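Asks: Encoded as structure tokens, here's the structure I'll be asking about.
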Amino acid sequence: MNQRSYLDHNATTPLRPEVREAVIGALSLSGNPSSVHAEGRAARAAIEKARAQVAALVGAKPENVIFTSGGTEANTLALAAQPGEAWHCYLSAIEHPSVLSGGRFYRETTTIIPVTPDGVVDLDVLRKKLKKHKPGGWRPFVSLMAANNETGAIQPVAEAAAIVQDAGGLLHSDAVQAAGRIPLDMTALGADMVTLSAHKIGGPKGVGALVLADGVSVEPLIKGGGQEGRRRAGTENVAGIVGFGVAADLAAADLANMDAVAKLRDALEEGARALCADAVVLSAGVPRLPNTSCIAVPGVKAETLVIGLDLAGIAVSAGSACSSGKVEPSHVLAAMGITPEIAHCAIRVSLGFASENTDIQGYLSAFGALVKRLKQNSKEAA
Ligand code: PLP
């Protein structure tokens, strides 16, 4: 195969050509956006345009967008305890490690909410836990991702938000993987804070945002100058932010193509099952992101399959690329109660805006040949 097939969009997406052009253009903006002269004002205008574009992706007000160095920083900022109040933090067991770290919350005041075997947060447990919060007492802070990065399972954020609101708490949702793949609206979700990351939607790496609902404030993590409404100090990454804005516009427009992406993903799963009757698709029974498939072939180690596919010109990952390098099974699959035998065999295939039928055909032919050979090898070794 001459041309590589990139099927790892949940790890990161290729930079969209329009974004590249915008970033290169913005590198020539020489002014500091905080300066009052013409050069400064030009840089400021570029940032404010991007702020409106990012806000529009989630139906928020531009002034409620805080630009950060990425999804990790935005999650950490969300988890910076609200000043002057006592909080108890609740995190779903399948959150990204930057959320599971708990931010500024203490371990003793953090509770993990379990998920079902399909990888969806157990709202009954959340409801029970939050009933304990009485007006005037400790307030609950809940973080529930919009969709999981490994399985694609979409989480019931709006339902969780209603529970949190009844208990007088705040809800943060990490929408890094959901953005540009399913429609997102802060008001419809009922979320008080939403995390976004540019490099998952065709933008540059190293830029993200925490988007707030009206009236919600955060304690800054990085203090200094008055940038980002005194919520995140430091001279802005102008070119990165401009690229993020263009990517947000394109991602919003691309939502119309997500049915076609889901069809490709379904064809991939059907093909994999036809080639290998014992292939297991994780979270198959619940609504998922249209681009994501987490498949395990029992007895075929994910690392071996990923390397074999890479040699065949196809990029996928074993579990979460954010945690690649570690050999223990993913915390997400463990939380779902997936046995280590299956979890060690789970690979993640994630499609993107440029994925085509030829990618699926190429994947299936390489996957079929590899699985056949690896199963034969293990039979001979037994
Ligand atoms: N949240 C989720 C769900 C992710 O998948 C990732 C990265 O993979 C992040 C947060 C971190 O975002 P960033 O890479 O921009 O720090």
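Asks: Quick check on my link table: of LYS200/LYS372; LYS129/LYS200; LYS49/LYS205; LYS301/LYS379; LYS61/LYS128, which ones sit more than 23 Å apart, alpha carbon to alpha carbon?
Replies: In this structure, LYS200/LYS372; LYS129/LYS200; LYS61/LYS128 exceed 23 Å between Cα atoms.
Asks: So if I place +1 on the C-beta of Lys and Arg and -1 on the C-beta of Asp and Glu, and nothing else carries charge, what would the dipole magnitude of the range 250-315 be about its Cα centre? I want it in debye, nearest 20.
Replies: With only Lys, Arg, Asp and Glu charged at Cβ, the dipole is about 80 debye.
Asks: For the range 11-157, with all protein chains present and a 1.4 Å probe, just round the carbon and sulfur fraction of the accessible area to a whole percent.
Replies: 58 percent
Asks: Probe radius 1.4 Å, ligands and nucleic acids ignored: give me the carbon and sulfur share of the accessible area of the range 329-382 as a rounded percent. Write out the running numbers ahead of the final one.
Replies: On the way: 1500 of 2630 Å².
Carbon and sulfur: 57 percent of the exposed surface of the range 329-382.
Asks: Run through the range 22-131 and list the trypsin sites (Lys or Arg not before Pro) located in a DSSP loop whose Cβ has at most 10 other Cβ atoms within 10 Å.
Replies: Numbers: sites: ARG41, ARG44, LYS49, ARG51, ARG104, ARG107, ARG127, LYS128, LYS129, LYS131; in loops: ARG104.
Here no trypsin sites (Lys or Arg not before Pro) fit, given the DSSP loop and packing criteria.
Asks: Another question about this same structure. Using just the helices of the chain, give the 222 nm mean residue ellipticity in deg cm²/dmol: DSSP H runs with n ≥ 4 each add -39,500 (n - 2.57), and the total is spread over all residues, rounded to 500. Spell out each step's value before the answer.
Replies: Working: 14 runs with 148 residues, N = 382.
Value at 222 nm, helices only, nearest 500: -11500 deg cm²/dmol.
Asks: Along the positive direction of the dipole of the chain (beta-carbon charges: Lys, Arg +1; Asp, Glu -1; about the Cα centre), which of VAL65, VAL238, THR109 reaches farthest?
Replies: Of VAL65, VAL238, THR109, it is THR109.
Asks: In nanometres, what is the gap between the two model label sites at LYS301 and GLU328, each 7 Å from Cα along Cα-to-Cβ?
Replies: If labels sit at LYS301 and GLU328, their model points lie 1.9 nm apart.
Asks: Also: Using a probe radius of 1.4 Å on heavy atoms only, what accessible surface per residue do you get for the chain? Whole Å² is fine.
Replies: Computed with neighbouring chains in place, this is 43 Å² per residue.
Asks: Quantify how much of the Cα-Cα distance distribution of the chain extends past 38 Å, in percent.
Replies: Considering the chain, 21 percent of its Cα-Cα pairs are separated by more than 38 Å.
Asks: Let me ask another. Got a sec to turn the phi values of the range 89-103 into Karplus ³J(HN,Hα) couplings, 6.51 cos²θ - 1.76 cosθ + 1.60 with θ = phi - 60°, whole Hz, x for Gly and Pro?
Replies: Rounded to whole hertz, the list is 9, 10, 10, 6, 5, 10, 5, 4, x, 5, 8, 4, 5, x, x.
Asks: Another question, then. Please give the helix 302-311 orientation as an angle from the longest Cα principal axis of the chain, in degrees from 0 to 90, rounded to the nearest 10.
Replies: On a 0 to 90 degree scale, this one is about 90.
Asks: For THR187 and ASN377, calculate 0.36 nm times their separation in residues minus their Cα-Cα distance, and state this gained length in nm to one decimal.
Replies: Working: separation 190, 0.36 × 190 = 68.40 nm, distance 5.38 nm.
Stretched out fully, the THR187 to ASN377 stretch lengthens by 63.0 nm.
Asks: Right, here's the next one. I'd like the carbon and sulfur percentage of the solvent accessible area for the range 188-322, probe radius 1.4 Å, heavy atoms only, ligands and nucleic acids excluded.
Replies: Answer for the range 188-322 is 56 percent, counting heavy atoms of protein chains only.
Asks: Label point 7 Å out from LEU27 along Cα-to-Cβ: which residues of the range 207-242 have amide N under 17 Å?
Replies: Counting backbone N atoms under 17 Å from the label point, the list is 207, 237-242.
Asks: Against the longest principal axis of the chain, how steep is helix 157-166, in degrees 0 to 90 to the nearest 10, with axes from Cα atoms?
Replies: The answer is roughly 40 degrees.
Asks: Which GluC sites (Glu not before Pro) in the range 81-140 sit in a loop by DSSP (not H, G, I, E or B) and have at most 10 other Cβ atoms within 10 Å of their own Cβ?
Replies: Loop-located and lightly packed - GLU85.
Asks: To the nearest 20 debye, what is the magnitude of the charge dipole of the chain about its Cα centre, counting +1 on the Cβ of each Lys and Arg and -1 on the Cβ of each Asp and Glu?
Replies: The dipole magnitude comes to about 520 debye.
Asks: Follow-up question, since we're still on this one. Over the chain, what is the relative contact order in whole percent, taking alpha-carbon pairs under 8 Å and six or more residues apart?
Replies: 23 percent
Asks: Karplus couplings for the range 178-192 from phi (6.51 cos²θ - 1.76 cosθ + 1.60, θ = phi - 60°), rounded to Hz, Gly and Pro as x?
Replies: Calculated HN-Hα couplings, in order: 7, 4, x, 10, 9, x, 10, 9, 3, 5, 4, 6, x, 7, 8 Hz.
Asks: How far is helix 38-57 tilted, in degrees, relative to the longest principal axis of the Cα atoms in the chain, given as a value from 0 to 90 rounded to the nearest 10?
Replies: 50 degrees
Asks: Further question on the same structure: List the relative contact order of the range 167-206 as a percent without decimals, with contacts defined as Cα pairs under 8 Å and 6+ residues apart.
Replies: Result for the range 167-206 is 44 percent.
Asks: Describe numerically, in nm with one decimal, the distance between label points set 7 Å from Cα along Cα→Cβ at THR358 and at LEU255.
Replies: Here the modelled spin labels are 3.1 nm apart.
The values are calculated or read from the model by the stated rules, or taken from the named source; none is laboratory data. All figures in this text were calculated on a predicted structure; none of them were measured in a lab. Every residue, glycine as well, gets a Cβ built from its backbone with ideal geometry; the counts of neighbours run over all protein chains shown. In case anyone asks, the SASA skips ligands and DNA or RNA and just uses the protein heavy atoms, side chains included. Shrake-Rupley method; radii C 1.70, N 1.55, O 1.52, S 1.80 Å.
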